[in-house]
1. Can you tell me which residue among M214, M129 is on the phi > 0 side of the Ramachandran plot and hydrophobic (A, V, I, L, M, F, W, C)?
2. Open to solvent by 10 Å² or more (accessible area, probe 1.4 Å), among the hydrophobic types (A, V, I, L, M, F, W, C) and either at pLDDT 95 or above or out of contact with any helix residue (DSSP H, G or I) (no Cβ under 8 Å at 6 or more places or on another chain) (or both): is that true of C307 in this structure?
3. Quick one: count up the residues across the range 144-171 that are open to solvent by 10 Å² or more (accessible area, probe 1.4 Å) and either among the charged types (D, E, K, R) or within 18 Å of P297 (Cβ to Cβ) (or both).
Amino acid sequence: MTTLIGSARRVCNHLQHRHHCLSKGVGYHRQCVHLCPSRGIVSNMRLVQFTCSDGMRLGIEQKEGGNVIDLNSFEPSLPHTMRQFLEKGDSSLAIAKKAVKSGRNIRNRCEVTLLPPITSPDKVICVGMNYVDHCLEQNVPIPKEPIIFSKFPSSIVGPYDDIIHPKESNEVDWEVELAFVIGKKGKDIKSDEAMEYVAGFTVAHDVSARDWQMKRNGKQWLLGKTFDTFCPLGPALVTKDSLSDPHSLGIRCRVNGEIVQNGNTDQMIFKTEALIAWISQFVTLYPGDVFLTGTPPGVGVFRKPPCFLKRGDVVECEIDEIGTIRNKVV
């Protein structure tokens, strides 16, 4: 009977969350972790960095858009940045789980401002042309090896921060991407062990100045990808055990409310494990390193005629079970 009551409560909470999102005009994404009999109940750990009257802190978002458990109030010995939190390993995560169970140190959402879930990583590693359908829209062959480029960490901004439209570009474009964050140091990692090195997943917007990416700077991608504010991340770092399957999630982008990209991460050519195994041949991965895994079709540059972002536009990037980031172009 207790099990049935618990299941009924989860169904009720699930429907209430859906109604709340739809009534507020917020993108609703299925939290299938609530009801997956074949998988059992999976935790829903949404790690965040935030600021409040007490400065920068770490927390756990109780649900997307919900209140935040203040981890630094629960355990003052914890670091105040996600990178340091990850460097401490499983002991930090164990404290976070205790904080969730305690039900204490909860800050009302109106008290906090979310920051990017990770700041100042050692590396931001990006993957180009990593969706089958994105290759098809460009009429290019499917890559046989990952195409790797990078952004500077200084391009990272928060889930609701503004994107600055640089005066140097007239072709600023959108790209919604699934990102993952490394949780522990590793080199020459085998693909079948790679997920052990993943802390969690988040939503990324790989903002791109196409004129600098495709026409200037010798057609090297770096400058066109790494202007300040060109890497919004968030809203939370969702731990890997909180997702049903990171490689089977709906992924979409809206500009001013209109859907411009609508795909699924099952179209990824090189998935998380393969990317970690590939990159770790060349460089050591450290806790906090960010991987952007590519974008589905629908970007502005390949539309006929091409379409680019302008000041005043609002871009929403959304991935099921993770959440939505909203950034205004200024």
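1. Matching residue, one of M214, M129: M129.
2. Criteria met by C307.
3. 8
The values are calculated or read from the model by the stated rules, or taken from the named source; none is laboratory data. Quantities reported herein were computed from a predicted structural model and do not represent experimental measurements. No Cβ is skipped: glycine too gets one built from the backbone with ideal geometry, and neighbour counts run over all protein chains shown. Each accessible area value is taken on the protein alone, full model and side chains, heavy atoms only, with ligands, DNA and RNA left out. Shrake-Rupley method; radii C 1.70, N 1.55, O 1.52, S 1.80 Å.
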